[in-house]
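The values are calculated or read from the model by the stated rules, or taken from the named source; none is laboratory data. These numbers come from a predicted model, not from an experiment. Glycine also receives a Cβ, built like all others from the backbone with ideal geometry; neighbour counts cover every protein chain displayed. With ligands, DNA and RNA removed, areas are computed over all heavy atoms of the protein, side chains included. Shrake-Rupley method; radii C 1.70, N 1.55, O 1.52, S 1.80 Å.
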Amino acid sequence: MTAPADHQKVLIVDFGSQVTQLIARRLREASVYCEIHPYAKAEAALASMKPQAIILSGGPESVHEEGSPRAPQGVFEAGVPVLGICYGEMTMCEQLGGKVEGGHTREFGRAEITVEKTSPLLADLAPVGEDETVWMSHGDKIVAIPTGFEVVASSAGSPYAVIADEARRFYGVQFHPEVMHTPRGATMLKNFTHGIAGLKGDWTMAAYRDEKIAQIREQVGSAKVVCGLSGGVDSSVAAVLIHEAIGDQLTCVFVDTGLLRKDEATQVTTLFREHYNIPLIHVDASKEFLGALAGQSDPETKRKTIGRVFIEIFDREAGKIDGAEFLAQGTLYPDVIESVSSSSGKAHVIKSHHNVGGLPDFMKLKLVEPLRELFKDEVRALGRELGLTDAFVGRHPFPGPGLAIRIPGEITPEAVETLQQADAIYLEEIRKAGLYDSIWQAFAVLLPVKTVGVMGDARTYEKVLALRAVTSTDGMTADFFEFPWEVLGRCATRIVNEVRGVNRVVYDVTSKPPGTIEWE
């Protein structure tokens, strides 16, 4: 078993860019272990991690303004390769003797950089004299680079688009290689980690599984763990991993909110009790949740109500388990990123239904979050490593508030039943068409809008149902799925014919850029 301390590591110093986590994604795709730490805590992280390479992220600040973030000086004295990205390049220049100014022409979006000099950072990319497509996002401009640096590539708006001090192995790029809009950005990052820093890429999901099992055993000891099981991929993978580590010391509590998809409660209880033989307490709390939500229409109020009632019920059930000292959650890295800014620590109202920032004071349980460092696709890979079937680990994400955020306005039992029926038809038709695995997430939304329609010889005045399907890799960004019209036609026809209360179906083609909340 490979211990965490034995991994070759990269420290990512975060200056607040909304795509910092994508740097980690690209490195993990190349099997490189990395950790993101805010610039204010980077000095401590540098001392504890002892990384083999350091990456300075982008950020929204202006380097030339007083009080703007800086990298710890130890970053440039550690004797390891350093790559500055966008703001990271600017603060590197400013701290090492260069100069950055504002007030110049901004450069946002797709751009072409011209390679002027060979460098290992651009190995296997455009040769000298030719262009490479990148994605720019900056308003300030580097006007002087530090002694020892040379220009490797430039663009019309950035004379120092790529710079390098090959002797010290310091590099800076003005664009974002981590985003998909820089087509060969992953190659640049791998050139830095594998070619320049000499990393082997020793971080695998098999190693992660073994490490987490060892960590869970060490953290928990002989105590009991209670897991908040939702039936989704995240909490289920967490439960199976913890069960593999400590066996029957784990008890899962499945709180049925009454806001799940059709027949999901039965599927969850059958899967865990009969297939995995994991101790499971099933609590049917649908009446409590629907009662607490009665009369509420504000989406944030609904989220907080669901979170409050869930914690109350879960705490009540957990208190019945003798010796329970730990609470297991399927918290993922995107939950952490979206709940608390990694650079400022300021809370954002996005994942308000998750307890990723800690537990209420009245709960005396300590947290076990074995998936906290992973993105969704990595959780799926871990699930396969644990022996879960593709049919299970490939399930679409389903948010904690369930159908409550798919029913804008007041939640009623009738609205829940209507949406459950329509949602089930939608997913059934997607599976029949062989499209389920091509879609990241698909769901139906019961809109608080009525339209006049004619069905047969009668006029109707009923609800509008919206269908949504998106593609994504890690859940941080998403784009709408381009449905074949015949499939959408079948979905709409079946829903209007089979679900009472709906007379019109529409398809949503909104994309989800980084940092936006779920549509509700």
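Efficiency by 1/(1 + (r/R0)^6): what FRET value for Ser222 and Lys287, r their Cβ-Cβ distance, R0 = 35 Å, to the nearest 0.05? Each step should come with its number before you reach the end.
Values: r = 37 Å, r/R0 = 1.07.
It comes out at approximately 0.40.
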| message | Only four residue types carry charge here, +1 at the Cβ of Lys and Arg and -1 at the Cβ of Asp and Glu. Report the dipole size of the stretch 123-258 about the Cα centre in Debye, rounded to the nearest 20. | response | 240
| Nearest-20 debye value, the chain charge dipole, Cβ charges on Lys, Arg, Asp, Glu | 620
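Can you compute the charge dipole magnitude of the stretch 1-64 about its Cα centre, using +1 on each Lys and Arg Cβ and -1 on each Asp and Glu Cβ, nothing else charged? Give it in debye, rounded to the nearest 20.
Charge dipole, the stretch 1-64, about its Cα centre: 140 debye, nearest 20.
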| Roughly how many Å² is the accessible area per residue of the stretch 73-122, as a whole number, for a 1.4 Å probe? | 42
| Over the stretch 418-490, what percent of the accessible surface lies on carbon and sulfur atoms, probe 1.4 Å? | 50
| request: Place the peptides 181-191, 109-119 in order of packing, highest mean first, counting for every residue the other Cβ atoms within 10 Å and averaging per peptide. | output: 181-191, 109-119
| query | Counting Lys +1, Arg +1, Asp -1, Glu -1, what net charge surrounds Leu199 among other residues with beta carbon under 15 Å of its beta carbon? | reply | +3
| request: Express as a percent, rounded to the nearest 5, the fraction of DSSP beta bridges in the chain (both residues included) that run antiparallel. | output: 50
| Within straight cross-link reach of Lys262, meaning Cα distance under 13 Å, which aspartates and glutamates are found once same-chain residues fewer than 8 apart are removed? | Glu417, Asp423, Glu428
| note | Relative contact order as a percentage, the stretch 244-320, C-alpha pairs under 8 Å and 6+ apart, gives 36
| remark: Dividing the mean separation of Cα pairs under 8 Å (6+ apart) by the residue count of the chain yields a relative contact order in percent of 11
| said: At R0 = 51 Å, how high is the FRET efficiency between Lys320 and Ala458 if r is their beta carbon distance? Nearest 0.05 is fine. | reply: 0.45
| task | Would you mind checking Lys9/Lys366; Lys320/Lys366; Lys117/Lys190; Lys9/Lys364; Lys41/Lys364; Lys190/Lys376 for any pair whose Cα atoms are more than 25 angstrom apart? | result | Lys9/Lys366; Lys9/Lys364; Lys41/Lys364
| Tell me, in nm to one decimal, what length is gained between Glu65 and Lys450 on full extension, where the rule is 0.36 nm per residue of separation less the Cα-Cα distance? | 133.4 nm
| task | Would you please give the FRET efficiency between Ala30 and Arg308, computed as 1/(1 + (r/R0)^6) with r the Cβ-Cβ distance and R0 = 45 Å, to the nearest 0.05? | result | 0.60
| request: Work out how much length Glu166 to Tyr507 would gain on full extension: take 0.36 nm times their residue separation and subtract the Cα-Cα distance, in nm to one decimal. | output: 117.5 nm
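How much length would be gained if the chain were fully extended between Asp6 and Glu77, taking 0.36 nm per residue of separation minus their Cα-Cα distance, in nm to one decimal?
Working: separation 71, 0.36 × 71 = 25.56 nm, distance 2.25 nm.
Between Asp6 and Glu77, full extension yields an extra 23.3 nm.
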